[in-house]
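Presented below is the structure to which this report refers.
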Amino acid sequence: MPDNETLERELTQPKPVKQNFISTGSEWTFELLEQYDREFARLADKFRLDTYPNQIEVISSEQMIDAYASVGMPLMYNHWSFGKQFLSNQQSYQRGQMGLAYEIVINSNPCIAYLMEENTMPMQALVIAHASYGHNSFFKGNYLFRQWTDADSIIDYLLFAKNYIAQCEEKHGMDAVEEVLDACHALMNQGVNRYERPRPISPEQEKQLAKEREEYIQRNLNDLWRTIPVKETEQQAKEFRFPQHPEENILYFIEKNAPLLETWQREIIRIVRKVAQYFYPQRQTQVMNEGWATFWHYHLMHEMYNEGLITEGFIMEFLHSHSNVVFQPAFDDQRYSGINPYALGFAIFQDIRRMCEHPTEEDRYWFPDLAGSDWLDAVHFAMRNFKDESFILQYLSPKVMRDLRLFCINDDDREAYLEVSAIHDETGYRNLRESLAAQYNLGNREPNIQVYSADVRGDRSLTLRHYMHQGRPVEDNSALEIIKHLRRLWGFDVRMESVDQQDKVINHYELPSEELYPEEEGV
Amino acid sequence: MSIIIDRRLNAKKKSTVNRQRFLRRYRNLVKEAVQDAVDQRSITDVQSGSDISIPRKDLSEPVFHHGQGGQHEQVHPGNKEFNTGDRFQRPEGGGGRGSGDGEASDSGSGTDEFVFQINRDEFLEYLFEDLALPNLVRKELKDITEYKLKRAGFTSAGSPDRLNVVRSLRAAHARRIALSGSERREIRQLKRELREMEVSPSDTDQFRAKEIRQRITELNAKLKRLPFIDDFDLKYNNMTKVPQPSSKAVMFCVMDVSGSMTREIKDIAKRFFLLLYMFLERNYEKIEVVFIRHHSEARECNEHDFFYARETGGTVVSSALRLTDEILQDRYSPSEWNIYIAQASDGDNWEADSSKCRKLIEEKLLPKTQYYSYVEITDRHHQNLWHEYKMIEKENPGHFAMQQIRGHGDIYPIFRKLFEKKEAENA
């Protein structure tokens with residue numbers, strides 16, 4: 001990594017500062033954790049890192065596997081898939097195939113971060129810097145999180161959800177609840193609003209409103225599904241469309257409109273939808289969020305070193321971990337599994353600082369606003385106002401592209417070959433940057449699937465539409481599985497059509513008829 | 001200001017519930033995997049849990065994602081030699097590294113099997129779900145031979161070594177309080193009167209005082225005559241005999257090793273015996289296994305020889321049954337042991353021998369055993385041994401059972417058939 005060279009240069013320079021080590025051994029104690037945290041807090045303040053209060057919890061590795069299994073949330077409801085995750089992590093951990101990622105941090109107020117008891121003091125310090133000051137300030141500062149997540153109430157909401165689902169299990173049986181949850185999990189990615197901002201709500205209100213919703217929804221449903229005695233003209237029937245416009249939030253549509261669901265089932269759908277929405281900003285800011293946290297653990301730790309608070313051994317151990325984190329294997333390496341978000345994010349933030357402090361001619365041409373400006377202002381601005389896609393489009397510089405030796409492959413199934421469409425040269429920079437940015441656009445990553453119509457006056461069937469992007473189909477097997485799930489929620493036939501840019505139907509996805517009514521036939 | 005909390009001591013095993021949910025959901029797959037795992041064990045090795053593997057595709061949770069095809073661009077790091085416009089073959093297997101929606105790496109290591117551990121109890125639970133030990137109940141009720149003394153309250157008669165001192169003294173004390181009540185009440189009253197008179201100068205009073213003193217002495221003497229302990233007070237610990245079902249079992253594995261028994265047949269037999277052993281092991285504290293192999297003559301041997309020795313010859317099944325009976329008489333008294341016999345054979349026997357077998361089983365073995373099971377491992381027609389045994393089965397329902405195993409797939413279902421819980425029988 002290019003950054004290690006600069007690191008080593010820094011390290012070999014003589015340090016005039018008086019040495020005043022916080023600790024010298026590798027053992028950690030609670031007193032030491034507090035001392036390190038106090039220093040980090042002081043430095044974070046100096047760098048204008050605005051954070052929620054921190055709650056740092058020391059846990060065992062088994063607890064870490066636990067925490068891992070339920071998407072990091074300490075109060076997640078119970079579900080078999082979390083058990084599967086747990087068993088899988090436990091097995092790889094015990095066999096040494098997987099080191100536990102050393103940090104889980106929760107976007108809540110206070111911001112909860114976990115430290116594993118097995119870690120050495122330098123590792124604990126790294127995690128505190130990374131999670132409690134890096135991620136924490138990102139959660140509080142980035143516009144997507146500000147807009148979409150409510151750090152004050154998430155823990156309470158999860159508690160409400162966990163209790164509600166447990167009660168449902170008692171009342172309606174585990175299998176019935178599992179069936180709804182399975183279906184919801186399959187549709188989680190289609191359970192978020194991308195463009196509307198939901199009204200923040202407190203958990204107490206949540207509980208109250210849950211009751212009111214019960215009655216309201218059923219009343220409304222009755223209206224929607226009322227058999228209509230008046231005979232319509234062809235024209236009227238044609239004009240009536242439900243929903244009037246395609247609905248991108250499938251779970252929302254089901255929750256509000258599925259004719260046969262019971263109230264508790266609607267509430268469970270709502271819970272999964274809320275959780276999905278809460279995680280949505282994280283999925284859109286992976287590169288930025290990890291890059292930001294990594295950037296800050298790197299700087300906070302160096303600052304500590306420069307002030308003579310930590311020893312040479314300490315910072316060497318830290319640097320070792322750090323370079324593992326930002327390691328980017330090349331495309332032909334066995335270990336390669338795509339671009340490492342830590343590496344990319346860190347490289348871009350580092351580069352922003354470099355361009356501010358030591359701009360080159362190239363930087364002045366590509367980033368005239370950054371060159372020579374205040375680096376702290378610049379990185380904070382970047383952190384606050386972008387998501388991965390726009391962040392890359394805005395800040396990925398030729399230097400970073402060269403350092404990572406990026407190239408772009410064009411894969412078109414109409415051609416027999418793959419083609420290198422851009423490399424890191426003068427003609428390729430813009431192309432590369434746009435391609436990489438597009439790669440982080442969730443809209444490109446995931447198929448765009450929306451509720452197209454519900455036949456409320458006919459057979460009550462539901463039609464989804466997959467709006468194809470660049471001719472890319474959805475994967476059949478999982479699509480049919482999901483349609484099966486969806487059918488259980490909707491209660492009537494469900495089908496999906498893939499349409500191209502001209503709204504021409506290219507593909508149909510429908511359950512074979514023997515799978516449509518298996519229960520009925522069996523009885 | 002940050003808060004630092006030590007969470008190591010609480011909230012452990014949070015995932016237990018989710019883990020159980022997972023096992024519950026995939027019960028059938030886990031069960032299958034457990035049965036496969038049985039293959040790799042020696043008969044007496046049931047101490048540990050097991051690695052279980054389930055096909056990953058059965059566990060997958062579907063999400064909408066892109067399939068192969070269409071047009072997409074993918075940026076990769078680490079370019080060494082490519083130039084813009086370079087073209088090359090699409091890697092084998094479609095999109096390969098070019099497919100760009102991140103789902104490919106979803107399963108981590110990319111293996112097809114999902115492997116995890118279950119412990120020994122779980123392992124056995126899956127294996128023996130719904131199975132019951134034939135005649136276990138009957139043994140406990142009928143052939144009771146061992147008793148254990150158990151305390152059961154107190155009696156007023158018994159031998160001196162069972163005397164309960166505390167209880168006896170308590171009874172004596174109670175008796176004395178009950179019997180002396182009126183006297184002591186009188187003494188108290190007299191004493192009170194006496195105290196009043198002692199301060200009075202009156203002569204008549206002095207006389208009365210003398211009387212009272214005398215009366216008190218009398219009463220005290222009477223109290224003293226109350227026996228400190230009476231026969232009536234004695235309490236003895238009461239013991240009752242509680243029947244103690246024997247916790248020992250012996251399993252006889254009787255196998256034909258004549259020339260016709262192929263390696264595969266022996267393999268099937270081994271799995272059958274293994275299941276039986278693990279099954280018995282769950283129900284008894286102590287279990288022994290006797291291996292008897294036979295061709296024209298029978299021999300007791302160890303597990304390894306049982307399955308792998310090559311010595312062979314003609315077939316005389318009765319030789320093995322006779323040996324079984326001898327060993328039974330020698331070492332395993334039916335009053336102490338629960339006896340199970342499992343016989344495996346390919347059904348081949350010397351013509352005249354089968355009726356002898358029937359006689360031996362009905363007269364010598366069945367009266368002593370809990371359960372006799374016979375499996376014929378073959379896909380041929382049944383021979384005379386089968387027909388003779390059929391008659392035994394008719395005469396001894398629930399006590400003698402037989403089944404035919406045609407191949408590996410039959411082992412577990414047949415085992416279940418032989419040992420499944422029979423509602424009617426226990427009712």
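The values are calculated or read from the model by the stated rules, or taken from the named source; none is laboratory data. Predicted model only: the values in this text are computed from it and were never measured. A quick note on method: Cβ atoms are made from the backbone with ideal geometry, for glycine too, and the neighbour counts reach across all protein chains shown. Surface areas here come from the heavy atoms of the whole protein model, side chains and all, with no ligands, DNA or RNA. Shrake-Rupley method; radii C 1.70, N 1.55, O 1.52, S 1.80 Å.
I want to confirm something. Restricting to segment A:452-510 and keeping residues that are within 22 Å of B:Gly70 (Cα to Cα) and of a type in the set (Phe, Trp, Tyr), which single residue is farthest from the other protein chains (Cβ to nearest Cβ)? Among residues in segment A:452-510 that are within 22 Å of B:Gly70 (Cα to Cα) and of a type in the set (Phe, Trp, Tyr), the one farthest from the other protein chains (Cβ to nearest Cβ) is A:Tyr467. Within segment A:447-491, take every residue that is under 19 Å from A:Ile269 (Cβ atoms) and open to solvent by 50 Å² or more (accessible area, probe 1.4 Å) and give me the one that is modelled with the lowest pLDDT. Here the residue is A:Arg460.
Summed over segment A:431-446, residues that are open to solvent by 30 Å² or more (accessible area, probe 1.4 Å) and either in a loop (DSSP other than H, G, I, E, B) or closer than 18 Å to A:Leu251 by Cα (or both) total 2.
Applying a threshold of 6 Å to beta carbon distances and a minimum spacing of six or more residues, or different chains, the list of pairs starting in segment B:61-77 at a residue that is more than 7 Å from every other protein chain (Cβ to nearest Cβ) and ending at one that is open to solvent by 20 Å² or more (accessible area, probe 1.4 Å) and not hydrophobic (A, V, I, L, M, F, W, C) reads B:Gln68/B:Gly94.
Scoring A:Leu393 on the criteria (1) touching a helix residue (DSSP H, G or I) at 6+ places or on another chain (Cβ under 7 Å); (2) more than 7 Å from chain B (Cβ to nearest Cβ); (3) open to solvent by less than 50 Å² (accessible area, probe 1.4 Å) leaves a single failure, condition (3).
Looking only at segment A:323-330, decide whether some residue is surrounded by fewer than 21 Cβ atoms within 10 Å (Cβ to Cβ) and aliphatic (A, V, I, L, M). Within segment A:323-330, one or more residues are surrounded by fewer than 21 Cβ atoms within 10 Å (Cβ to Cβ) and aliphatic (A, V, I, L, M). Elements of the type helices (runs of 4 or more DSSP H) sitting completely within segment B:338-427 and holding at least 3 residues that are open to solvent by less than 70 Å² (accessible area, probe 1.4 Å) and touching a residue at least 24 places away in the same chain (Cβ under 8 Å): these cover B:353-359, B:384-395, B:411-419. From B:Val242, B:Val254, which residue is open to solvent by less than 10 Å² (accessible area, probe 1.4 Å) and at negative phi? Checking each option against the conditions leaves just B:Val254.
Can you tell me how many residues within segment B:150-175 are within 24 Å of B:Ala221 (Cβ to Cβ) and either open to solvent by less than 60 Å² (accessible area, probe 1.4 Å) or hydrophobic (A, V, I, L, M, F, W, C) (or both)?
4
Scanning segment B:310-330 for residues that are free of Cβ contacts under 8 Å to residues at least 12 places away in the same chain and farther than 16 Å from B:Ile265 by Cβ returns B:Glu326, B:Gln329, B:Asp330. All of (1) within 14 Å of chain B (Cβ to nearest Cβ); (2) crowded, with 22+ Cβ neighbours inside 10 Å; (3) closer than 20 Å to A:Thr294 by Cβ hold for A:Leu126 with one exception: (1). When the residues of segment B:326-337 are filtered to those that are open to solvent by 10 Å² or more (accessible area, probe 1.4 Å) and touching a Lys or Arg at 6+ places or on another chain (Cβ under 7 Å), which remaining residue is modelled with the lowest pLDDT? Across segment B:326-337, the extreme among qualifying residues is B:Glu336.
Residues are listed down the side, and each one gets a yes or a no for (1) in contact with a strand residue (DSSP E or B) (Cβ under 7 Å, 6 or more places away or on another chain); (2) assigned by the TED database to the domain that holds A:Ala41:
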residue	(1), (2)
A:Ser108	no, yes
A:Tyr114	yes, yes
A:Asn119	no, yes
A:Val127	yes, yes
A:Asn136	yes, yes
A:Thr149	no, no
A:Tyr164	no, no
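Here is the figure for segment A:400-427: residues that are farther than 14 Å from B:Pro77 by Cβ and surrounded by 16 or more Cβ atoms within 10 Å (Cβ to Cβ) total 7.
For segment A:41-65, a residue qualifies if it is touching a Leu at 6+ places or on another chain (Cβ under 9 Å), more than 9 Å from chain B (Cβ to nearest Cβ) and open to solvent by less than 40 Å² (accessible area, probe 1.4 Å), and the qualifying residues are A:Leu43, A:Ala44, A:Phe47, A:Leu49, A:Ser61, A:Met64.
Checked against the criterion of being free of Cβ contacts under 8 Å to residues at least 24 places away in the same chain and surrounded by 24 or more Cβ atoms within 10 Å (Cβ to Cβ), the candidates A:Gly83, A:Gly134 yield just one match: A:Gly83.
Exactly one residue out of A:Asn289, A:Asn257, A:Asn193 is in the same structural domain as A:Phe138 (by the TED database) and at pLDDT 70 or above: that is A:Asn289.
Restricted to segment A:365-427, the set of helices (runs of 4 or more DSSP H) holding at least 2 residues that are polar (S, T, N, Q) comprises A:388-395.
Could you list, in sequence order, all residues of segment A:170-192 that are among the charged types (D, E, K, R), closer than 14 Å to A:Asn78 by Cβ and open to solvent by 30 Å² or more (accessible area, probe 1.4 Å)? Reasoning before the result, please.
Of segment A:170-192, the ones among the charged types (D, E, K, R) are A:170-171, A:175, A:178-179, A:182.
From what is left, the residues that are closer than 14 Å to A:Asn78 by Cβ are A:170, A:175, A:178, A:182.
Listed by number, the residues that qualify are A:Glu170, A:Asp175.
Somewhere in segment A:357-379, is a residue out of contact with any Ser or Thr (no Cβ under 9 Å at 6 or more places or on another chain), farther than 28 Å from B:Asn83 by Cβ and touching a residue at least 60 places away in the same chain (Cβ under 8 Å)? Yes, there is a match, as at least one residue in segment A:357-379 is out of contact with any Ser or Thr (no Cβ under 9 Å at 6 or more places or on another chain), farther than 28 Å from B:Asn83 by Cβ and touching a residue at least 60 places away in the same chain (Cβ under 8 Å). With respect to A:Tyr68, determine if the residue is within 11 Å of another protein chain (Cβ to nearest Cβ), at pLDDT below 85 and within 22 Å of the chain's Cα centre (by Cα). Yes: the conditions hold for A:Tyr68.
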